[in-house]
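Undergrad: I'd like to ask some things about the structure below.
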Amino acid sequence: MSTVAARLRLVGALAIALVVATACGGSSDKPGPMDQLAAAKEALGNAKNSVSAYKEMGDALAQIAADSNVSVEPVDFRSLRDLLPSTLAGLPRAEATGEKTGAMGMTISKAEAEYHGDGGPSLDVTITDMGALRGMGMISMAAWTMAQVDKETSDGFERTTKYNGHPAYEKFSGSESSRNGNIQVVVASRFLVEVEGNDMDFKDIKSALESLPIRKLAGMKDEGVTRGG
């Protein structure tokens, strides 16, 4: 890949991140547009020497170009909520919520569930449908898709990987007093699945992810899609 092409892709990705930040930022309790753009710049800067990262960036931009004549109505959050099981990793579902939000004509839907008992381990699971922001929205919500990460410390790790062919990110920190982990998976360049575990071993957090109907979610990738003439 030429240096010029790489720079063009970097500029394009940053421009997309700015659009997303402007459209979805702005509430007082969330990072503002410039904060999100700075985060995107940092993530992309960390990956600037990675040929693989540039390839994935190019693939994302190509998908955006292909989707330029496509409208996407997000899956109803109730359908996403129905994908969240009543128990997960042996923990009962304590609460399940959902919502549909939008700005500047761009809409996303989201379902969340909490799993815990009277004390001890707990899980938080979120499924987000980026709708028309699929592909480009991931740059803002999951900047790790533009990078390669493989890091270990004395008590944990952080890495990008694959889960059944889908891009994924894993992070875990464990000690005698605290065990916390997070797994994110981008499904069909449209859905973001996140599983966060507290007071749990990583294998149990991953087991919870494996109990989710990821394949069924992938099968919903064309729902609400309308292609222009």
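Undergrad: Taking residue 21 as the residue in question, decide whether it is at pLDDT below 90, more than 30 Å from residue 211 (Cα to Cα) and surrounded by 19 or more Cβ atoms within 10 Å (Cβ to Cβ).
TA: Yes; evaluated as a whole, the condition is true for this residue.
Undergrad: Yes or no: residue 149 of a type in the set (A, V, I, L, M) and within 30 Å of residue 226 (Cα to Cα)?
TA: For residue 149, the condition - of a type in the set (A, V, I, L, M) and within 30 Å of residue 226 (Cα to Cα) - is not met.
Undergrad: Would a scan of the stretch 146-169 turn up a residue that is acidic (Asp, Glu) and under 23 Å from residue 90 (Cα atoms)?
TA: No, because not a single residue in the stretch 146-169 is acidic (Asp, Glu) and under 23 Å from residue 90 (Cα atoms).
Undergrad: Out of the stretch 76-99, which residues are at pLDDT below 95 and not small (Gly, Ala, Ser)?
TA: Of everything in the stretch 76-99, just one residue is at pLDDT below 95 and not small (Gly, Ala, Ser), namely 95.
Undergrad: Output the residues belonging to the stretch 101-113 that are surrounded by fewer than 17 Cβ atoms within 10 Å (Cβ to Cβ) and either part of a strand (DSSP E or B) or free of Cβ contacts under 8 Å to residues at least 40 places away in the same chain (or both).
TA: 101, 102, 103, 105, listed by residue number.
Undergrad: If the Cβ limit is 9 Å and pairs must be 6+ apart or interchain, which residue in the stretch 68-87 that is part of a helix (DSSP H, G or I) pairs with which residue that is of a type in the set (Lys, Arg) and open to solvent by less than 60 Å² (accessible area, probe 1.4 Å)?
TA: From the stretch 68-87, the pairs are 77/110; 80/110.
Undergrad: Ok, one more. What number of residues within the stretch 217-229 are surrounded by 12 or more Cβ atoms within 10 Å (Cβ to Cβ) and touching a residue at least 60 places away in the same chain (Cβ under 8 Å)?
TA: Number of matching residues: 5.
Undergrad: Just to be sure I understand, how many residues within the stretch 177-216 are open to solvent by 50 Å² or more (accessible area, probe 1.4 Å), touching a Lys or Arg at 6+ places or on another chain (Cβ under 9 Å) and not acidic (Asp, Glu)?
TA: Qualifying residue count, the stretch 177-216: 2.
Undergrad: Which numbered condition trips up residue 140, out of (1) surrounded by 20 or more Cβ atoms within 10 Å (Cβ to Cβ); (2) among the small types (Gly, Ala, Ser); (3) modelled with pLDDT of 95 or more?
TA: Residue 140 satisfies all of (1) surrounded by 20 or more Cβ atoms within 10 Å (Cβ to Cβ); (2) among the small types (Gly, Ala, Ser); (3) modelled with pLDDT of 95 or more except (3).
The values are calculated or read from the model by the stated rules, or taken from the named source; none is laboratory data. Since the model is a prediction, treat every value here as computed from it, not as a measurement. As a convention, Cβ positions derive from the backbone with ideal geometry for all residues, glycine included, and neighbour counts pool all protein chains shown. With ligands, DNA and RNA removed, areas are computed over all heavy atoms of the protein, side chains included. Shrake-Rupley method; radii C 1.70, N 1.55, O 1.52, S 1.80 Å.
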